[in-house]
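Trainee: Please see the structure below; I have some questions.
Where a number appears in this text, it was derived from the coordinates with a stated rule and is not lab data. Everything quoted here is computed from the prediction, not taken from an experiment. Ideal geometry is used to build each Cβ from the backbone, glycine not excepted, and the neighbour counts take in all protein chains shown.
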Amino acid sequence: MTTRPVGPFAGTSRLNALRRTLELEALGDDPHVDLLVVGGGVTGAGVALDAASRGLRTVLVESRDLAFGTSRWSSKLVHGGLRYLASGRIKVARESAIERGVLMTRTAPHLIRALPQLVPLLPELLRPGQGALIRAGFHAGDALRIGAGTPGALLPRMRRIGAARTRQLVPGVRTAGLRGALVAHDGQLVDDARLVVALARTAAQYGASVLTRVRAEAVTGTSARLVDTLTGQEMTVRAGAVVNATGVWAGDVDTSITLRPSRGTHLLVDAESLGNPTAALTVPVPGSTSRFVFALPQQLGRVAIGLTDEDAPGPIPDEPQPTEAELTFLLDTVNAALDTALTRADVRGAHAGLRPLLDTGGGSTADISREHAVLESPSGVVTVVGGKLTTYRRMAEDAVDAAVRLRGLPARTCWTARLPLVGAPGHRDSRPLPGAGAPASLLARHGGAAHEVLAAGETAPVAEGLDVTRAEIAYAVTHEGALDAADVLDRRTRIGLVAQDAERARAAVEAILAECQEG
């Protein structure tokens, strides 16, 4: 049995409050589904798309909003697996390189660009022999790219550049003693939360019900009690299989799972403070052969500096908080490669995410494998944990394969490796814009769906100095499932990453939200 969106939403990717209401009513009338997915991050949305595109009646429930958890706190890099290769994890390195290629060539090329990653050749930054080791690692990354079939035109091979070119790419780099840089390329998402939204919308177009603000309780391998947190109404859903894709909250749904969360922190500074770089500045962490701190150019005129890897025991907070020690570590590390040191006063915002790592005993969390696992609990729940944002599609495929095998579900073969998401060039609803039809930033965030965004409202900025249009705010409500201002500010546009920006834009966002909901 395959679900289909009801009424005016049949076959469309549009998510909004009306569709949510209608699909909850339809689920109440017929509470039997093939696959129930719990969790609306990148993995859960990927599972919903995989299952729905195989013809299964699929329902995804998320107690908060799409990309509420770890999925919005990543470095926004689509990794080729180089770090895993350096630590001997060949399987996960190869898998990362393959999935990066899938994302950049077929699934979501509109959301990803090739990002130069630059290691400056500074004598005080590199220990004797470390430059040769990094060069060898970059060559190994080229080998991974070639093995994955990703063209060199998309991700250029490793090269060495001179000091002048280094300063062009990262104007803020330290100039004293600079002998150029080693440059490799990786993929970078314009935004991680936008990938999750695109996955959820594409899943909805293939017939999945995507229900935010719906909490799953009393979850078993064949059922769950669903609570609409907006109305308090409850229903019990029967499922052929249940997939737990709640990330760091996986142990709350499946008590047989033991995780050891690891906190990864980023801070945000104005891009101008580094001279508006167009490459990622990559700085070795002192005393480590495989860890680096990155200064990554971002949308909205920011640079994100990260990443830490710290044990995060105890209860899982809704929004993890960086520690002052982590911020100091990031500033101290990146300042070793800068002409003008950044200070705490330069930090415009900071955020942290928790990696859902399986507990494998002692040692540093940095040493725990990033390979994902699909596990069946004693209650029959299929749980998928671990992994990385880059490998979400393979994680989803493995989770649905397990559910199909264990429960005998009537599913077709997975084909998400060649399935374009909403906005991708190959998607059936994507349209090119004639001439200069939209701001470049809007095109970068929406790709071939930009024509729909432009139809939703004005291209004037939502607030002075922010390159987010009023049309994008309206579109977030009418097409992307945003139900309140926090959904818009914190997960559809990322204005909320800097608190001062959020406050400047809040009144306009709330006014547009009210207008859309009234209409």
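Trainee: Normalising by the residue count of the range 371-519, find the relative contact order in percent from Cα pairs under 8 Å and 6+ residues apart.
Mentor: Working: 167 pairs, mean separation 17.8, N = 149.
That works out to 12 percent.
Trainee: Here's another thing I want to ask about it. Which whole number in µm²/s is D for the range 201-284 by Stokes-Einstein, with the Kirkwood Rh taken over Cα pairs at 4 °C and 1.567 mPa s?
Mentor: Working: Rh = 17.1 Å.
The diffusion coefficient I find is 76 µm²/s.
Trainee: Could you work out the longest stretch of the chain that avoids the trypsin sites (Lys or Arg not before Pro) located in DSSP loops with at most 12 other Cβ atoms within 10 Å?
Mentor: Working: sites that count: ARG412, ARG428.
Longest gap between qualifying sites, sites excluded: 1-411.
Trainee: If I take every Cα pair under 8 Å that is 6 or more residues apart in the range 440-518, average their sequence separation and divide by the length, what percent do I get for the relative contact order? Kindly include the intermediate steps, with their values, before the conclusion.
Mentor: Details: 90 pairs, mean separation 19.9, N = 79.
Relative contact order for the range 440-518 comes out at 25 percent.
Trainee: So what J values fall out for the range 233-246 if you push phi through Karplus, 6.51 cos²θ - 1.76 cosθ + 1.60 with θ = phi - 60°, rounded to Hz, Gly and Pro as x?
Mentor: 5, 10, 8, 9, 10, 9, 9, x, 7, 10, 10, 8, 10, 8
Trainee: In addition: How big is the range 377-495 by the Kirkwood estimate over distinct Cα pairs, in Å? Let's see the in-between values first.
Mentor: Working: mean 1/r = 0.0586 Å⁻¹.
Mean inverse Cα-Cα distance, inverted, gives 17.1 Å.
Trainee: Okay, next question. So what is the relative contact order of the chain, in percent, for Cα pairs below 8 Å that sit 6 or more residues apart?
Mentor: Working: 1142 pairs, mean separation 106.7, N = 519.
Worked out over the chain, it gives 21 percent.
Trainee: Related question: Quick one: what are the phi-derived ³J(HN,Hα) couplings along the range 470-483, Karplus 6.51/-1.76/1.60 with θ = phi - 60°, whole Hz, x for glycine and proline?
Mentor: Residue by residue, the range 470-483 yields 5, 4, 5, 5, 4, 5, 4, 7, 7, 10, 10, x, 6, 10 Hz.
Trainee: Then there's this: Given H placed 1.01 Å from N in the peptide plane, which residues other than close sequence neighbours of GLY349 have an amide H under 5 Å from its amide H?
Mentor: Residues meeting the amide H criterion: LEU268.
Trainee: Next up: Per-residue HN-Hα couplings for the range 145-154, Karplus 6.51 cos²θ - 1.76 cosθ + 1.60 at θ = phi - 60°, whole Hz, x for Gly and Pro?
Mentor: In residue order, the calculated couplings are 4, 5, x, 7, x, 7, x, x, 5, 8 Hz.
Trainee: Over all alpha-carbon pairs of the range 219-334, lay out the pair-distance distribution in 5 Å bins, whole %, shortest bin first.
Mentor: So the P(r) values, bin by bin, are 2, 9, 14, 14, 13, 11, 10, 9, 8, 7, 3, 0.
Trainee: What number do you get for the range 1-138 when its Cα radius of gyration is normalised by 2.2 N^0.38 Å, N = residues?
Mentor: Values: Rg = 21.2 Å, N = 138, 2.2 N^0.38 = 14.3 Å.
Against the compact-globule rule of thumb, the ratio is 1.48.
Trainee: What is the P(r) of the range 440-518, as percent of Cα-Cα pairs per 5 Å bin from 0?
Mentor: Spelled out bin by bin, the range 440-518 gives 3, 18, 32, 27, 16, 4, 0 percent.
Trainee: Sticking with this structure for a sec: How large is the translational diffusion coefficient of the range 292-354 in µm² per second when you combine the Kirkwood radius over alpha carbon pairs with Stokes-Einstein at 25 °C and 0.890 mPa s?
Mentor: On the way: Rh = 12.9 Å.
Estimated diffusion coefficient is 190 µm²/s.
Trainee: Treat the count of other C-beta atoms within 10 Å as a stand-in for reagent exposure and order LEU118, LEU259, LEU433 from fewest to most. Don't skip to the end; give the middle numbers.
Mentor: Working: LEU118 27, LEU259 19, LEU433 13.
Arranged by neighbour count, lowest to highest, LEU118, LEU259, LEU433 become LEU433, LEU259, LEU118.
Trainee: On to the next question. Counting only DSSP beta bridges with both residues in the chain, what percent are antiparallel, rounded to the nearest 5?
Mentor: 75 percent
Trainee: Follow-up question, since we're still on this one. What FRET efficiency, computed as 1/(1 + (r/R0)^6) with R0 = 41 Å and r the Cβ-Cβ distance, is obtained for GLU124 and LEU230, rounded to the nearest 0.05?
Mentor: The formula returns an efficiency of 0.15 here.
Trainee: Given 20 °C and 1.002 mPa s, compute D for the chain with the Stokes-Einstein relation, Rh being the Kirkwood radius over Cα pairs; round to the nearest whole µm²/s.
Mentor: On the way: Rh = 23.4 Å.
It comes out at roughly 92 µm²/s.
Trainee: Post the alpha-carbon centroid distance, the range 367-410 to the range 42-63, in whole angstrom.
Mentor: Centre-to-centre (Cα) distance: 13 Å.
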